[in-house]
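Here the structure comes first, spelled out in C-alpha cells, and everything after it is commentary.
Bear in mind that the values in this text are calculations on the coordinates, not laboratory data. Values in this document were obtained by computation on a predicted structure and should not be read as measured data. Virtual Cβ from ideal backbone geometry, glycine too; neighbours counted across all protein chains shown.
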Amino acid sequence: MASLETPLFSLKNISKYFTRVVANNNISFDIRRGEVLALLGENGAGKSTIMKILYGLYQMDEGEILKDGNPIQIDSPKDAIKNGIAMIQQHFSLVSAHTVTENIILGSKRGRIDLRTASREVGEMADKYHFDLDPNALIRDLDVGVQQKVEILKTMFQEAQLLIMDEPTAVLTPQESENLMIFVRQFAAAGHSVIFITHKLKEVMSVADRIIVMRDGEVHGDLLCQETNESELSRLMIGRDLIAPHKPEAVKQMDDKNGLVVRHLSSKEKETVSLSDINFTIKPGEILGVAGVSGNGQEELCEVLIGARAHTTGQVILNYEDLTDLSLRERIAKGIGYVPVNRYRDAFVMSMSLAENMFLKSTYDPVWQRHGFINFSQLNRQTDASILEYNIKAPGADAVTGSLSGGNQQKMLLAREVRLAKSLLILNQPTRGLDLGAINNVHTTILKAREENKCILLISTELSEIFMLSDRIAVMYKGRIVGIYEPKELNTERIGLLMAGFDDHQDEEVAL
Amino acid sequence: MIINLLSRAITMSTPLFFGSVSEVVAERSGVMVTAIEGIFLLGAWGGFVGTYLWGNAIFGLLLAMICGIAVAAIYGVVTIFMKQHQVVTGTALNILAIGFCAFFQRVLFGIPQIPLQIQPLSVIPIPILSEIPVLGELFFNKNILTYVAYVIIPIIHYMLYHTSLGLAIRSSGENPQAADVAGINVNRLRFLTVLFAGMMGGIAGAFYSVGFLGMFTTNMIGGRGWIAFAICFLGNWQITGAVIGTFVFGLAEALAIYMQSIGGGGFFPNELFIAFPYILTIVLTVMRRNFSVPANLGIPYIKEG
Amino acid sequence: MKRILNATWRDMVLTNFAAIVAGIVLSGALLLFLGIDPIFVFSTSIRAILTDGYTAADILLKATPLIMTALAFAFTYKANLFNIGAQGQFYMGAIAAIWLSLELQNRIPTALLLLIVLIVALAAGALIGGLIGFLKERFDSNEFLVSMMSSYVVLALMNYLLRTFLKETKGEYPQTDPIARSAWLPNLIKGTRLHYGFIISVLFAVLIWVLLYKTTLGFRIRAVGQNSRASALSGISPTKIYVIAFLISGALAGVAGFTEMNGVQHMLIQDFNPEMGAAGLGIAILANANPIGIIFASILYGALNVIGTQMGRIPGANVPSSIVSLMQGFVMLFVIMAYYARTKIASRREKNKRKREAALS
C-alpha cells in the first residue's frame, strides 16, 4: 500500500458530545482508495457515531473531514452522497410500504418518475450483481437478507466511491455472511473503498485490509490486517481482562415438576411469521437455546407463550398445568417471566421510575398495594434491594429508568423478570446492544436462574452465546423448529445451514 | 330537484377539495395540519378583507392565500422544527385565529352599523360545456374556484404518485429516517407541504366568504376545516379517496342547507341536518377499517446529532 | 441529581413566566392598532381587580369551570388519548343540570337537589365521554375525530332542545327559564358572585391527583399512556383503560356544566361559553397536565378573562372582547414554545457538562 498517496478521506480530530455520553473523542484516521477498512469495537464504542458524522447524519462538535486532502463540509446525507459516500445503516432505512424500485430510486432520480422504466433499470442492476430480486416486490414482504441486497443496490445507484456498512452481518446466516464478504472484496477490488463496522473479530480478520480499533469513543489502534492477530485485537478492543462465567454441569432433577411442554403450537399471522407445529420441552433447570436469523418467528413464539398473541392450535403446559386458555395476566401469575428483545417498546415505561417499572407487571398482584392504593414504601424497599443485588448503577428506586445506561436497564429488567419467573424465564436476545461487561453479567444471571431450577428459553442470534449457555439447541426457520440438538452435535457450518432452512438430516428424529 | 341538489353538492365540495387534498399531501409527508380550522378561518377573513378593501376578488384570494400560509408557517415552525405536539399546537392556533380575526376586523372596520357585504364570486358558465344537459349544470356552471379545483386535483395526484417529489413526500411520512439517509431534507420538505396546505386552506376559507356568502363572521367556518381534516383520514390518505369523501360531505352539506330551507319550526329536528356532516364523520370513522396510515404520521422527525 | 432537578424547576418557572408575559405584552401591543393605550387599560383593570373584591372573586369564578374542562383534557392526555370534545361534554352536563334543576326545584331541599344535579350532570358528561371511549375500545376508532365531532353534535342537540322542549315560557329567545334561587349553588364569599362550585372544582383536582399518582388504576392509566405496548405485555388492558379514562374525563367536563348552570348562569343560553373546551386544553398544556398545576393555570386564565372584561368596561376605551381570546391564544402558543426552549436549555447544559468532563480526562 502506498502510504504516500493522498487518502480518499481523512478524519481529523473529530469529537462529538451527546447529552448523556461523549460519543467520540478526538478521532483521526484515513480511508484509502480500494481498501476494506474494518472499524472494530464493542457496542457503544462510538463506531456508528463517527460513521454517521462522516455520512452527515450527525454533526461533529470539533474536527474536520478532508477529501483528497481538501477540507469538505458534510452537513447532511445529501452532501455525503455528493462526495461519493454511501452508508447502509444497521437497522436498514427502507420504506417497508414501498416497492424495491421506489426504495432504490428514492433520492437519486429527479423529476418525473416512470416506474416501469425505473424497475427495468433496477432489474438490470440486480442481474449485474447476481442478486435474485423482484423490483416490484414490497419491502415488507422480503426477508432481511434480501432487504440488505436492496440496500446494497441503493448504494450502487448512487455510484458511491466509499461504502459504509454498519454491522451488516448481524441479520445474516453464516453462509449469507460469507457471500457478503465476497461481494465486499470484489467491490473493493474494483477500486472502491469500504468501511465495515463490526464487533466480530473473525469477520475482521477475513475481510479487512486495515483495522481501526475503537474503545470508549477513542481510537485505540490502527493496524494492517496481516500484522496483527485476534488476541491483540481483542485486547485493544476490550482493554481489560474478562472472565467468562462458568457453566456448571446440569444438576439432576429431584423436583416433581416436569417443566414446560409445548405441543403442536401453531399461529396465523397476517403481518409477520406464522408459527407452524412447534414442539419442545424444557425441564426445570434446563436452558433451551433457540438459534436462528431474527425474524423467523422467535418473537412470535415468545408472545404466544406469554399469552400476548393468539394461537390457532396446540397446547402450552407448565408443570402439569394447562396454560393454553389463560390470559397474559393469568400467565404472569403462574410465574412466567419474559425479557423481550426491545425493552424500550415492550418492557419498560422509560419515563417512569425504577420502582414504578418494578410495579408495572404486578398491578393486579396484591403484594404492593392496599385497597387500590400503591404501597410505595414496600415497593421502594424491594426495588432498592434489587438495585443492590444486581449491582445496578442507579441513584435509587426513584431514578428515571430512561436515564440509566442500556446495560443497567437490562439488569433492572432481569431483576424484575427473574423475580416473576417462578417457573419459566423467556429471554429474547437478552444481550443485544450491550458491552462485554454487561453481557457477562447477564450470562451470570441466566446461569443462576438455571441453578434455581427455572425452565429457561433463551433466544439469540449470537451463536457463541447459544453454544455457551444452552443445554440443548433448537433451530428456528420461518416459524418452524427445524430440529433440536445437543450442542456437541452442531458446529457453525451445520447450524448455519439449518438457520438457512436446509434440513440436513431429514431422517433424524426431532427430539421431543 | 336532484340535479339542483347534486349541483349544490359540487359547489359545497369545492372548499373541502382544497382542504382535504392538501391535507393528504401534508399528512403523507408526516404532518397532520391540525391548524386547518384556523387556516380556513384566516383564509375566509383574508379573502373578505382583500376583496372589500381593494374591490377585487383576486386581491381577496391573494390575501387569503397569504393568511393561510402565515398560519401554516407558524404551525410548521412549532411542530416541525420545534417538534411540539401537533394536536396541541393546532388547538392553540385555532383559538388564536378566532381572536385575531375578530380583533383585526374591529381594527379595520370598527363597529359597523350594517353588516359589511362584498359581491360574491360570480358564476362563470363555461361556453358550450355548460350547455350540455345535466352535466353542464352539474359541473360547468360554477365559480372560478370550482374550476381551479378541477385542474389542481389531477396535478396534485400526478405529483404525489409520479414524480420524485411525490416519492420523497410519501417516504418522509412512512420512514423519515430512510428519506434522510437518501439525502432528502425531511423537515424542510415537511415544512413545504404544510405551507402548501396553508395556501390551499386559505383558498378554501375564502370560498366561504368571497365565493359564497359575501360576508365574514368569526364562526362561519364552524368545523369545516375539521371536516376536511376528517375526509383525509376517511379517504385513506389517497387523493382519490379524498375526492370521493369530499363529494359525500358536499352532498351532506347541500342536503342540510336544503332541509333547513324547507323545514319550518316546530318539533321537527332541523338541527339534525346541520349536525348531519358531523354525525356522518363519526359513523364513517367508526366504520373505517384497514387504514393505510402513513407510518410516521404526527411524529416529529428528530435527528440525534 | 438534586442540582439537575432544581435547574429543571427553575427552567420551568422562568420559561413559562416569560411565555405568559410575552403573550400578554404582545396582545397589549396590538391594542395600539386601535389607538388604545395598553398600559392605561391594563393598569386600570388590574387596579379594579386589586381594589374591588367583587372583581377579584370573579377570577376564581371564571377559573371554576376551566379547572374541570382542563382536568377533563389532562386525564385522557395521561392515557395518551385526546378528548377534544370537552366542550360537548360540558354542554351535556349543562343541559342535564338545567333540566333537572327546573324539574326538581322547590320540591326537594337545596342540598339534596344540588347533590342529585351534580351526579346527573357528571353522568351526562360521562355518557358522552364513555361513548367515545367505547367506540375506541370496540372499533378502534380515532378518538380525536370522534370527540371533536361529538361536540358539534351535542351543540346541535342543545340548539334543538332550546328551540323546543327547554325553551323559556315566554317563548321569545332560544334559552331556558331561569332556575329558582333555591337551586343555586350557595355563595362562597358574601358580596361576590363566587360560589361553592370553586371548592368542588378544587376538590376534584385534588381527587384526580390522588387517583393518578397514588392508586393502581391511576398507575395503569399513566403506564398505558406512556407505553401502551409495554403495558399490554404487563397484563394491563389498554382498551379497558381507554374506556375508563374517557368515562372519567367526560364526567369531569360534565361537572363544569353543573357549576356554570347552578352557580353562575342559572339558565341555559344558546352558544354560551363556546371556548370552554379549547381553553381547558390550553390550561392543561400550561400545567403540563398536572392536576394541581391546573388549579393555578386556571386561575391565571380566569385572571386574563377578568382583565379583558374589565378593559371592555373602561368608559371611552372601547377595548374589544376579542382581546381575551387573543391573550389566551398567544399565551398558549408561547407556552408550547417554552417546552422547546426548556429541552434546548437542558440539552445544552448536559452537553457542556460532557465537554468539561472530556477536557478534564
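Here is how the numbers come out for the structure above:
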read-out	value
Chain C, relative contact order in percent, only Cα pairs under 8 angstrom and at least six apart counted	34 percent
Over segment A:379-512: Rg over Rh, Cα atoms, Kirkwood Rh	1.05
Relative contact order of segment A:9-238, pairs being alpha-carbon contacts under 8 Å that are 6 or more residues apart, as %	30 percent
Potential extension, A:LYS334-A:LYS393 segment - 0.36 nm per residue separation minus Cα distance	18.2 nm
Alpha-carbon radius of gyration plus Dmax, which is the widest Cα pair, for the protein assembly as shown in Å	33.0, 104
Cα centre as origin, Lys/Arg/Asp/Glu Cβ charges: chain C dipole, Debye	1680 debye
Simple label model, 7 Å out from Cα along Cβ direction - A:TYR320 to A:GLN186, nm	6.1 nm
Kirkwood estimate for segment B:58-124, i.e. one over the average of 1/r between Cα atoms, Å	14.3 Å
Charge dipole magnitude, Cβ of K and R +1, D and E -1 - segment A:9-238, Cα centre, debye nearest 20	500 debye
Per-selection metrics, segment C:1-70 (Cα): Rg and Dmax in Å	16.9, 52
Reduced Cα scattering model of segment C:130-175, Debye log10 I(q)/I(0), q = 0.18, 0.30, 0.31 Å⁻¹	-0.60, -0.96, -0.99
Longest to shortest principal axis, alpha-carbon extents of segment A:9-238, angstrom	51, 37, 34
Segment A:60-115: proportion of alpha-carbon pairs further apart than 14 angstrom, %	68 percent
FRET E, pair A:ASN440, A:GLU249, Förster distance 25 Å, beta-carbon r, rounded to 0.05	0.80
Cα-projected label distance for A:SER274 with A:HIS371, points at 7 Å along beta-carbon direction, nm	5.3 nm
Karplus 3J(HN,Hα) series, Hz, for segment B:185-190 with 6.51 cos²θ - 1.76 cosθ + 1.60 (x for Gly, Pro)	7, 4, 5, 5, 4, 4
Angle in degrees between helix A:406-420 and the longest Cα principal axis of chain A, rounded to the nearest 10	20 degrees
Share of Cα-Cα pairs in segment C:39-145 lying beyond 21 Å, as whole percent	54 percent
Placed amide H near A:GLY63: partners under 5 Å, 5+ positions off or other chain	A:SER15
Built amide H within the under 5 Å cut-off of A:TYR338, gap 5+	A:ILE426
Dipole axis of the protein assembly as shown (+1 Lys, Arg; -1 Asp, Glu on Cβ), positive-most option in C:TYR196, B:PHE291, C:LEU162	C:TYR196
3J(HN,Hα) from dihedral phi, segment A:321-338, Karplus parametrisation 6.51/-1.76/1.60, rounded to Hz, x for glycine, proline	10, 7, 9, 3, 9, 7, 7, 4, 4, 5, 5, 4, 5, 7, x, 10, x, 9
Karplus 3J(HN,Hα) series, Hz, for segment B:40-57 with 6.51 cos²θ - 1.76 cosθ + 1.60 (x for Gly, Pro)	4, 5, 5, x, 4, 5, x, x, 5, 4, x, 5, 5, 6, 9, x, 9, 5
Convex hull volume of chain C per residue (C-alpha atoms, cubic angstrom)	177 Å³
With Cα atoms, 0 to 90° folded angle of helix A:174-189 axis to chain A main axis	10 degrees
Neighbourhood net charge (11 Å Cβ-Cβ; Lys/Arg +1, Asp/Glu -1) for C:THR239	+1
Förster-model FRET efficiency, 41 Å R0, C:THR343 and B:GLN119, C-beta, rounded to 0.05	0.25
Rounded to 5, the percent of DSSP beta bridges in the protein assembly as shown classed as antiparallel	55 percent
Summed residue charge, Cβ within 9 Å of B:PRO125's Cβ, Lys/Arg positive, Asp/Glu negative	0
Cα centroid separation, segment C:132-191 to segment A:1-50 (Å)	66 Å
Cut-off 14 Å between beta-carbons: net charge of the residues surrounding C:ALA70, Lys and Arg +1, Asp and Glu -1	+1
Principal axis box of segment B:1-93, alpha-carbon based, largest edge first, Å	49, 35, 19
Square roots of five times the Cα gyration tensor eigenvalues for chain A, Å	41, 28, 23
Rel. contact order, % - alpha carbon contacts under 8 angstrom, at least six apart, chain A	15 percent
Ascending count of other beta-carbon atoms within 10 Å, so fewest first, for C:MET158, C:MET68, C:MET12	C:MET12, C:MET158, C:MET68
Reach of A:LYS247 by Cα under 20 Å, taken over lysines that are not fewer than 8 positions away in the same chain	A:LYS283, A:LYS411, A:LYS448, A:LYS454, A:LYS488
Cβ-based exposure ranking for A:HIS192, A:HIS91, A:HIS443, in which fewest neighbours within 10 Å come first	A:HIS91, A:HIS443, A:HIS192
Proportion of all alpha-carbon pairs of segment C:119-256 beyond 23 Å (%)	51 percent
For chain B, Kirkwood radius (reciprocal of mean inverse C-alpha pair distance, Å)	19.8 Å
Counting DSSP beta bridges with both ends in segment A:402-512, the antiparallel % (nearest 5)	50 percent
Under 5 Å, built H, 5+ apart or other chain: amide partners of A:GLN369	A:ASN375
Calculated [θ] (222 nm, deg cm²/dmol) that DSSP helices of n ≥ 4 give over the protein assembly as shown, each run adding -39,500 (n - 2.57)	-17500 deg cm²/dmol
Compactness of segment C:222-323 - radius of gyration and Dmax, Cα, Å	18.7, 65
Part-to-part distance (alpha-carbon centres) for segment A:180-223 and segment B:1-30, which is given in Å	57 Å
Least to most buried among B:CYS232, A:CYS302, A:CYS225 (fewest other Cβ within 10 Å first)	A:CYS225, A:CYS302, B:CYS232
Beta bridge orientation in segment A:9-238: antiparallel %, DSSP, nearest 5	50 percent
In degrees, nearest ten, helix A:436-451 long axis to first principal axis of chain A (Cα)	20 degrees
